[in-house]
Amino acid sequence: MVNLQQLEQLVTFAKEGTLSKTAEVLLTSQPSLTRNMQTLEDQLGVQLFQRRKNKLSLTETGEYTVKQAQKLLQ
């Protein structure tokens with residue numbers, strides 16, 4: 001089940017642009033954040049991130065999910 005913490009982390013990643021900065025802002029560890037984002041992808045059954053060497057970015061689906069998460073969190 002998707003939880004609000006995962007959605008908050010996803011929205012914060014979209015704002016900050018990196019997992020390390022997101023982890024710093026949310027006062028959590030980067031490995032924990034990475035696991036949560038992978039779990040969120042698994043739970044939703046979609047790819048939210050484009051993974052490249054030393055670069056993580058949102059897919060179109062990820063950007064759409066961020067917009068929906070922002071609405072839910074408000």
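The values are calculated or read from the model by the stated rules, or taken from the named source; none is laboratory data. Model, not experiment: these values are computed from the prediction. Virtual Cβ from ideal backbone geometry, glycine too; neighbours counted across all protein chains shown. When the accessible area is computed, the model is the full protein with side chains, heavy atoms only, and any ligands, DNA or RNA have been set aside. Shrake-Rupley method; radii C 1.70, N 1.55, O 1.52, S 1.80 Å.
Here are the numbers for this structure:
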| read-out | value |
| --- | --- |
| Given (1) over 12 Å from the mean Cα position of the chain (by Cα); (2) at pLDDT below 95, index of the condition Ser29 fails | (2) |
| Selected residue [exposed (fewer than 13 other Cβ atoms within 10 Å of the Cβ) and in contact (Cβ under 8 Å) with a residue 40 or more places away in the chain] from Gln43, Gln38, Gln50 | Gln43 |
| Yes/no for Val2 being at pLDDT 95 or above, outside any helix (DSSP H, G or I) and open to solvent by 30 Å² or more (accessible area, probe 1.4 Å) | no |
| Checklist (1) closer than 17 Å to Leu73 by Cα; (2) under 11 Å from the mean Cα position of the chain (by Cα); (3) among the hydrophobic types (A, V, I, L, M, F, W, C) applied to Ala23, failing item | (1) |
| Of all residues making up the range 19-35, the number that are open to solvent by less than 60 Å² (accessible area, probe 1.4 Å) and either of a type in the set (D, E, K, R) or farther than 16 Å from Glu63 by Cβ (or both) | 8 |
| Residue count, the range 45-67 (criterion: modelled with pLDDT under 95 and part of a helix (DSSP H, G or I)) | 0 |
| One residue from Val25, Val11 being among the β-branched types (Val, Ile, Thr), farther than 14 Å from Gln68 by Cα and assigned to a helix (DSSP H, G or I) | Val25 |
